[in-house]
Every structure is written in structure tokens, then in C-alpha cells.
Amino acid sequence: FDQREGTIWFDGAMVPWREAKIHVLSHGLHYGSSVFEGERAYGGQIFKSLEHTRRLHRSAELLDFRIPFSVDEIEAAKQLVLKTSGLKDAYLRPVAWRGSEMMGVSAQGNTIHLAIAAWEWPSYFDAATKMKGIRLDMAEYRRPDPRTAPCASKAAGLYMICTISKHRAENRGYADALMLDFEGNVAECTGANIFFVQDGVIHTPTADRFLNGITRQTVIELARRRGVEVVERRILPEEMAGFSECFITGSAAEVTPVSEIGPYRFTPAALTKTLMDDYLAEVQPKAAAA
Ligand code: PMP
């Protein structure tokens, strides 16, 4: 990934992709003091860009550091990166981390760095293929207790468990893994939130102990706009036996139907398809206000 053509915004300068490097004694690498975003541009417009930038700032604050670029400066930098990439549909990855001045748990004075890259990340499958649904494994690890980790932060360190879980799922032939929360309720996937359908009502875990995804919030709004009831609550894994449809949401995953989770089976149907279509319509570039 580091040997591509292109340009990365790095601490305020546009740097050739291959030269956007950091030192091995960076605090972010040793102690996980790093936060990031994942967002998509559609037709040259970044969907909910401001929400992502605000979340990046908030993620850093939760890790006790301040990004030395304002929300407006980051917004402008993202636009520049997208424009320079020449891509209309793209995935954007801002990342902020503590630098290399001090190498210890304490890093009070370390410089905070910010980089932003953009690349192509198509939704590989057409709607018909997607409607077959993906298969999810049950993850071995759980999401941490909010008293154990700042779970509202999109912190790199929190993804260590996700990578282990996703690898295990892939090695067992699944697309991804469903993770439970610290109390054993359904939580989320390794990079996406989860929803279920039962008798025309949508059920989704309350996002007070894992990332309350921007896509999750968008899909809840889209469903309610259609008059569909959305219930946010604790969901026990056994309850999955009673749900007819299931889908996951995320900036990268968009709305992706699920056919299987461990012993439970789902049939992606009308409500999932409606929300897939509504989401794709919602992310389309809006004409600038006159
Ligand atoms: N949970 C996790 C663990 C994630 O990595 C993501 C992707 N950022 C999400 C949920 C969904 O968040 P969003 O819709 O804001 O992309």
C-alpha cells in the first residue's frame, strides 16, 4: 500500500505517497496513541464530511490529545486530497497520532501529527449479489466495557481486537465476525454496526458501548423517514433466532445484507433492499445551494 502513486496530505504539506513516512519510535506505533476516520466521497462530494472531521477531533480528545488543525483546516485538507487524487468516488483516511519526542507511557509534550490519504474502494458487488447476504462468524473476543476503554473514540488501539477477530472469521470461511459487548449482548462487527428486522420493526443495539456509526445514524433516520419503527435496545444473541432480516452498516460497508451469523439464518428482503437503495440515494452528491 505504501508503494502507490499519488499524494498524501501530511502535517499541512502535500507529500508524494511513497515518501509519507514516520519514525519507528513514534508514540502512536508503540502505545496505540492514534485515531482515524474512514469516509467515502461520492461523485466528488464527501458524505457527511463535517461529522467525520468532528468525530476525529473528539476521538483525539478522548485519548487526551488535541489535533493541531482546526475542523475547517481539516475540511479544506480533505477537499484538497480528494481533488488532487482525481477520484470522484473514493475512500478517505485521515489519521492523527502522537509523534516521537518522548518514548514512554507519558507523552505530554509529543507533537501531534495528521495525515490524510484517499484511494479507490469500490463497493465490489452489484445489488443482486449483495442481496445474497454475507456470512458472519461469532467472534471470540468481546467489545470492551466503556469503563475499560474510551469506546466512543475511533482509536487505532481498539482495532487490535477487531483484526484478530476478522482474521479468525476469514480463516474459518466467513466474511466478518459479530462481536458481543462486555455483558454478552450483540454489539457490532469488526468495522460496522448491525441491524435486525422482526415483523417490520428494526432492532439495533444501543450504541453506548461501541462506535455510534455515522452510517448507523443515517440509516436510522432513513428508516424513520419511511415510517419504519427503529428500536435501540440490548439484544441477546439468542434473540437472533427470531429475526428475519439482518444487515450491517458502515462508511466502507454502506448497507450490506447478512444471511448467516453462527447458527442463525436470515433472508435479506424488502426492508433491507429499501434501506440499501435509500442509503445510495442519500449519499449522492447534492447540488450546491444557490
Ligand atoms: N464500528 C466499527 C468498529 C467501525 O470500525 C465502524 C467504521 N468506522 C463502524 C462501527 C461504523 O461507523 P461509520 O458508519 O461511522 O463508518
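Coordinate-derived values only; no laboratory data. This is a predicted model, so every value here is computed, not measured. Glycine gets a Cβ as well: all are built from the backbone with ideal geometry, and neighbour counts include every protein chain shown.
As a rough guide to protection, the peptides 203-213, 185-195 ranked by mean Cβ packing within 10 Å, highest first, stand as 185-195, 203-213. To check you understand DSSP bridge types, tell me what percent of the beta bridges within the chain (both residues inside) are antiparallel, rounded to 5. Looking only at bridges with both residues in the chain, the antiparallel portion is about 80 percent.
Over region 65-117, the Kirkwood radius and the radius of gyration, each from Cα atoms, give a ratio Rg/Rh of 1.10. Between the residues P68, A13, A118, the greatest Cα displacement towards the positive end of the dipole of region 9-141, with unit charges on the Cβ of Lys, Arg, Asp and Glu, is found for A118.
Charges were assigned to the Cβ only: +1 to each Lys and Arg, -1 to each Asp and Glu. The resulting dipole of the chain about its Cα centre is roughly 180 debye.
Its alpha carbons considered, the chain gives a radius of gyration followed by a Dmax of 19.4, 57 Å. For the residue pairs K78/K130; K48/K286; K130/K273; K48/K78; K154/K273, the alpha carbons lie more than 18 Å apart in K78/K130; K154/K273. Highest mean first, the peptides 242-248, 89-95 sorted by other C-beta atoms within 10 Å per residue fall in the order 242-248, 89-95. When shorter helices are ignored and each DSSP H run of at least 4 residues is given -39500 (n - 2.57), the per-residue value for the chain at 222 nm works out to -8000 deg cm²/dmol.
A dipole drawn for the chain from +1 and -1 charges on Cβ atoms has a positive end, and of S100, I248, H52 the residue lying farthest that way is S100. Net length available on complete extension from S244 to A127 is 40.2 nm, with 0.36 nm assigned per residue and the Cα-Cα distance removed.
For region 183-290, the Kirkwood hydrodynamic radius from C-alpha pairs, put into Stokes-Einstein at 37 °C and a viscosity of 0.692 mPa s, yields a diffusion coefficient of 232 µm² per second. Using the Karplus relation 6.51 cos²θ - 1.76 cosθ + 1.60 with θ = phi - 60°, the per-residue 3J(HN,Hα) values for region 102-118 come to 10, 10, x, 4, 6, 8, 3, x, 5, 5, 9, 10, 9, 10, 9, 10, 9 Hz, with x marking Gly and Pro. Put a plus charge on the Cβ of each Lys and Arg, a minus charge on the Cβ of each Asp and Glu, and nothing anywhere else: the dipole of region 179-290 about its Cα centre is then about 280 debye. Cβ crowding within 10 Å, taken as a proxy for footprinting-reagent exposure, orders H167, H23 from fewest neighbours to most as H23, H167. Taking 0.36 nm per residue of sequence separation and removing the Cα-Cα distance, the D277/V105 pair yields an extension gain of 57.2 nm.
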